[in-house]
1. Report the residue count in the stretch 126-149 for those that are touching a residue at least 24 places away in the same chain (Cβ under 8 Å) and not in a helix (DSSP H, G or I).
2. From the list Arg146, Arg120, Arg140, Arg111, pick out the single residue that is in contact with a Pro (Cβ under 8 Å, 6 or more places away or on another chain) and over 20 Å from Arg13 (Cα atoms).
3. Which condition number in (1) more than 23 Å from Gly81 (Cα to Cα); (2) under 16 Å from the mean Cα position of the chain (by Cα); (3) not polar (S, T, N, Q) is the one that Ala112 fails?
4. Residues that are surrounded by fewer than 20 Cβ atoms within 10 Å (Cβ to Cβ), over 15 Å from the mean Cα position of the chain (by Cα) and in contact (Cβ under 8 Å) with a residue 24 or more places away in the chain, at least 2 per element: which helices (runs of 4 or more DSSP H) completely within the stretch 1-66 meet that?
Amino acid sequence: MTDTQQQVDLVVRTIAQTAVDNETYFGDLDSVVGDGDFGYSLARGFEKVIEGWDGIDRANPGTFLKKVGMIVSSRIGGTSGPIWGTAFMKAGITAGTAQMLTGEDVVAMLRAATDGIKMRGQSDVGDKTLLDALIPMTDRIESELRSGTDPSGVLAAAAVAAREAAEATTDMVAKRGRASYTGERSRGSVDAGAMAVAVIVEHVNQAWPTEGVS
């Protein structure tokens, strides 16, 4: 595999394992004002990614991401499957057939993923969804890259930005999903999807140097 494919493998594998390992935590967060199935749904979908890991097409990073997106979309129940699956597929489509990806490519892929989520979920920043962590994180990545920060530094900054943004959802009122039915009662707790993004990015940040990827 190319260095880029190894990096993409590391990131996706970490996302999948983190989703599985945090099933109860993510479910507990979702149960505060939602239906509590977020952790279960996410874990079941990414379990399928892990189970079929070696058989996923790695012709290039874009193809790999699209295949992962297809697995996630078909295996995760509720609204989470289409939303998370769309994110992977849009990122893969944006990557195209390139064997190597630059930092600018990654930002473009993340922007495409967020645009796909917005369209699929009919949501935007401020609606108390995963976008409220994903978009500030992407903004921070873009800023760090422009400043010439190395990959490890970019990831560390992204993890901080995602955590801060996820925690900030505590003060928001949910406008999408089951939580939106509770109105003002949704204020005072973090959004499960946004916190999942934060936890996942923190784990990717932790895994990056230990795997020798630079």
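Taken together, the values in this text are just the output of simple stated rules run on the coordinates, not laboratory data. Keep in mind it's a predicted model, so treat the numbers as computed, not measured. Here the Cβ is made from the backbone with ideal geometry for all residues, glycine too, and neighbour counts use every protein chain on show.
1. Qualifying residue count for the region: 5.
2. Residue meeting the stated conditions: Arg120.
3. (1)
4. Filter on the stretch 1-66 gives 3-21, 38-51.
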